[in-house]
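Peer 1: Have a look at the structure that comes next, please.
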Amino acid sequence: MSNPGAFQQVAEVYRSSRKERDIFWNIYVARPLAAVVVHILRKTPMTPNQVTFLGFGVFLASMVVLVAWPGWHGFLAAAAVLEGSYLLDCADGQLARIKGMTSDVGAYLDFFIDEVKALLLVAAMAANRWVVLGDDRWLLVGIGGVVLVAAGTSLTTFIRRPEYAGTAVKPGLPVVQAAPAGLIPKVRWIVERFLRWIVHYPSWFIYIALLDGLDGVDGVMAFLVLYLGTYLLYVGRTSLAVLLRLGRPSFYSEGA
């Protein structure tokens with residue numbers, strides 16, 4: 001029997017290494033492309049954690065481009081490098097599943113680096129505006145944005161604790177829920193799905209970079225408004241939920 005062609009081999013890598021639950025961007029764009037990387041790496045001694053670290057290095061390069069090369073072409077170049085970083089971010093998990101090297105600590109490493117990337121991205125976008133406009137207030141936007149994203153990350157870590165959630169919640173599993181019945185629940189579901197999409201910036205960062213080339217469109221400003229606005233809503237809602245649950249006197253009599 002002849003060996004299957006390269007396309008069939010990559011397709012088989014994709015089928016055997018994809019997640020059971022995933023988001024639209026990953027299923028149809030990122031993971032099929034990452035399967036090419038996995039196909040190349042699966043017969044090498046490279047480990048999934050090494051791919052994670054390599055992806056972080058590529059992400060740092062995209063942030064350097066974003067700050068050092070202001071303007072639309074620099075934005076596009078930074079977006080392209082960032083998407084390359086995300087392909088490696090997908091490839092590390094797929095490689096782990098292909099090689100049988102999955103681990104809880106690897107999943108937590110991935111989550112940790114993803115959150116560091118989010119902090120660096122906000123800082124770099126604000127620094128980009130500071131370089132272009134020369135307005136020191138953008139440095140304050142960067143500091144405030146980093147604090148906001150860090151607060152959101154800390155809250156996520158807290159509410160995932162089994163002591164709070166009631167069960168262990170591991171990172172890396174996207175929430176996939178069917179649309180509920182009823183107008184108001186369905187509207188809420190649509191809004192939540194949209195906000196989750198905004199938080200997953202690799203799904204749309206390239207689009208905002210392309211739009212930045214249109215007259216009158218400030219892609220960096222649009223990104224910061226959408227991304228930080230979503231985090232502000234998340235931090236506000238989650239903080240209120242924690243306050244209402246843990247702040248009431250009856251909490252101590254519930255055996256929590």
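Computed from the coordinates by the stated procedures, all read-outs in this text should not be read as laboratory data. These numbers were taken from a predicted model, which means no experiment stands behind them. Positions of Cβ are generated from backbone atoms using ideal geometry, with glycine treated the same way; all protein chains shown enter the neighbour counts.
Peer 1: Whole angstrom only: what separates the Cα centroid of segment 199-256 from the Cα centroid of segment 23-83?
Peer 2: Using only Cα atoms to place each centre, the spacing works out to 24 Å.
Peer 1: Okay, moving on. Counting each DSSP H run of 4 or more residues in the chain as -39500 (n - 2.57), what helix-only mean residue ellipticity at 222 nm follows after dividing by all residues, to the nearest 500 deg cm²/dmol?
Peer 2: -24000 deg cm²/dmol
Peer 1: Local charge sum around residue 112 (other residues, Cβ-Cβ under 15 Å, Lys/Arg +1, Asp/Glu -1)?
Peer 2: Numbers: positive: 117, 160, 170; negative: 89, 92, 104, 110, 114, 115.
Within the 15 Å Cβ shell, the charges total -3.
Peer 1: Shifting gears a bit: With contacts defined as alpha carbon pairs under 8 Å and 6 or more residues apart, what's the relative contact order of segment 101-256 in percent?
Peer 2: Over segment 101-256, the number comes to 22 percent.
Peer 1: Could you work out Rg/(2.2 N^0.38 Å) for segment 177-256, with Rg from alpha carbons only?
Peer 2: Here the Cα radius of gyration is 1.55 times the empirical estimate.
Peer 1: Hey, can you rank 228-238, 48-58 by average C-beta count inside 10 Å, highest first?
Peer 2: The densest-packed peptide leads the list: 48-58, 228-238.
Peer 1: Something else: Check every DSSP H run in the chain and write down those whose alpha carbon atoms cover 15 angstrom or more along the long axis and whose mean Kyte-Doolittle hydropathy is -0.5 or greater.
Peer 2: Span-like helices here: 6-17, 48-68, 72-99, 104-133, 137-159, 183-199, 219-246.
Peer 1: Which shape class applies to the chain: rounded if a/c is under 1.5, otherwise prolate when a/b exceeds b/c and oblate if not, where a ≥ b ≥ c are the square roots of the Cα gyration tensor eigenvalues?
Peer 2: The shape class here is oblate.
Peer 1: Can you give the FRET efficiency to the nearest 0.05 for residue 42 and residue 105, using r as the Cβ-Cβ distance and R₀ = 22 Å?
Peer 2: With a Förster radius of 22 Å, E is 0.55.
Peer 1: Now for a different question. Which whole-number percent is the relative contact order of segment 166-256 (Cα, under 8 Å, 6+ apart)? Working shown, then result.
Peer 2: Working: 26 pairs, mean separation 15.3, N = 91.
It rounds to 17 percent for segment 166-256.
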